[in-house]
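In what follows, a single structure is set out as structure tokens and then discussed.
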Amino acid sequence: MKMFKYIYPAIPLLFFLLISGCCNCSKSIDDKNYVRGTITVVGNSPFVNLAIRTDDNNIYVLQTSKELKEELWKKQGAYYFVKFEDILEEDGLTKLIVEKVIPLVKEAK
């Protein structure tokens, strides 16, 4: 009986350690390498750049392949998930090196 006196208090602790050790709580290493927002253009002609305006009103210029740029140019105003490889700072603009894009349906708030 004395053994149960020590085991019962340890069960919740063991359960917590087991769950926290096995669960990554839907976070992955790549969570910081994506943004969601509306496709837009910034700049003045002839220096117009394709960009994304995030929900928190940040603007990032998108550096993509020619094919993807042509596709996104037609999708201005659409809501997209953009996964990027790297961030560059050039000429006062923050540029994302785009890996892939996925169209999303923006939920009404």
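No lab work stands behind these numbers, since they all come straight from the coordinates. In this text, all values refer to a predicted model and were calculated from it rather than measured experimentally. We place every Cβ from the backbone using ideal geometry, glycine too, and count neighbours over all the protein chains shown.
A simple spin-label model places pseudo-atoms 7 Å from Cα toward Cβ; at Ile97 and Phe81 they are separated by 2.3 nm. Shown for Tyr34, Tyr60: other C-beta atoms within 10 Å of each C-beta, ranked fewest to most, produce the order Tyr34, Tyr60. Between Asn58 and Glu70, the contour length at 0.36 nm per residue exceeds the alpha carbon distance by 2.1 nm. Taking the number of Cβ atoms within 10 Å of each Cβ as an exposure proxy, the fewest-first ranking of Val41, Val35 is Val41, Val35.
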